[in-house]
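Inspection log for the structure reproduced underneath, given as structure tokens.
A short reminder: the numbers here are calculations on the coordinates, not readings from a lab. From a predicted model like this one, the values you see are computed outputs, not experimental measurements. Note: ideal-geometry Cβ built from the backbone for every residue, glycine included; neighbour counts use all protein chains shown.
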Amino acid sequence: MTTVLKLGGSVVTEKDTPETVDDDALARAAAAVADAEDDVVVVHGGGSFGHHAAAERGVSSTEGTRSAADTVAIHGAMGRLNRAVLDALHEAGVEALPVRPLSVASRDTEGELSLPTGSVATMLEEGFTPVLHGDGVAHAGAGVTITSGDDLVVAIARGLSVDRVGLCSTVPGVLDGEGDVVERIERFSDVADAVGASEATDVTGGMAAKVETLLGLSAPAHVFGPDGLAAFLAGGSPGTVVDGRD
Ligand code: IP8
């Protein structure tokens with residue numbers, strides 16, 4: 001069994017303070033990954049590393065840059081966060097390896113992401129835990145734009161045979177208008193009125209974009225908070241199930 005786990009940037013960083021890791025939260029997440037029985041592909045978001053670096057330079061998922069210096073600055077910020085995630089996983093006993101999207105992924109003129117997954121598949125077969133992250137990616141006609149961790153989760157779920165997808169963010173699930181966790185979402189219209197944009201700086205969209213992305217997956221996805229991570233990796237269904245399959 002293979003699980004793809006997105007660790008939201010706001011889970012592992014202090015999202016409003018530039019380049020600050022939440023060490024305790026990251027250590028707890030790493031311990032949960034270490035206890036997982038499935039093979040796990042980890043994807044982490046940008047948090048206060050990538051989002052600040054991208055916003056400062058006016059780069060987003062739609063606004064590109066043709067500056068190599070800006071691209072390398074954003075990629076460098078994500079590299080520092082990726083290193084912190086790898087260190088925490090190694091500390092927890094996980095044989096984690098980096099897979100960095102700028103070097104291998106691209107987007108076509110429609111924005112569709114292409115991500116070769118051969119290295120991820122072989123790392124898994126050899127007992128490693130690949131760790132990807134949202135990143136700047138070459139985008140036909142736009143220079144370099146930001147690709148979110150959620151889009152990478154979709155690309156991995158399409159490119160590999162994935163059984164479970166988990167999105168761990170700071171909220172306990174997708175919330176309805178009353179602030180209660182929605183148990184199950186099968187189409188975007190179920191929650192269109194209730195989900196809004198993320199409040200902190202987030203150049204790739206908030207919960208609405210996440211739900212839409214997850215509805216495109218070929219495996220059910222689970223949206224949960226940090227308290228649900230261990231339960232999810234043990235096979236449970238904390239938070240909201242997003243299942244757009246017919
Ligand atoms: O936090 C964005 O990834 P996300 C990564 O998954 C950058 O949206 C570079 C801002």
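How big is D for segment 52-177, in µm² s⁻¹ as a whole number, if Stokes-Einstein is applied with the Kirkwood radius of its Cα pairs at 10 °C and 1.306 mPa s?
Calculated translational D: 101 µm²/s.
According to a simple spin-label model (label point 7 Å from Cα along Cα-to-Cβ), what is the distance in nm between GLU178 and GLU91?
The answer from the label model is 4.1 nm.
How far is the Cα center of segment 51-111 from the Cα center of segment 134-166, in Å?
Spelled out, the Cα-based centre of one part sits 11 Å from the other.
In the chain, what % of DSSP beta bridges are antiparallel (nearest 5)?
Once the DSSP bridges in the chain are tallied, antiparallel ones form about 35 percent.
How would segment 76-127 be classified by its alpha-carbon gyration tensor: rounded, prolate or oblate, with rounded meaning a/c under 1.5 and the a/b versus b/c comparison settling the rest?
Because a/c hits 1.5 or more and a/b fails to exceed b/c, segment 76-127 counts as oblate.
If you take the alpha carbon radius of gyration of the chain and divide it by 2.2 N^0.38 Å, what ratio comes out, to two decimals?
So the Cα radius of gyration is 0.92 times the expected 2.2 N^0.38 Å.
From the square roots a ≥ b ≥ c of the eigenvalues of the alpha-carbon gyration tensor of segment 103-246, which class results: rounded (a/c under 1.5), prolate (a/b over b/c), or oblate?
Because a/c hits 1.5 or more and a/b fails to exceed b/c, segment 103-246 counts as oblate.
Rg/Rh for segment 1-115 to two decimals, with Rh computed the Kirkwood way over all alpha-carbon pairs.
Expressed as Rg/Rh, it is 0.99.
For an R0 of 41 angstrom, estimate the FRET efficiency from the Cβ-Cβ distance between SER237 and VAL72 and round to the nearest 0.05.
With a Förster radius of 41 Å, E is 0.50.
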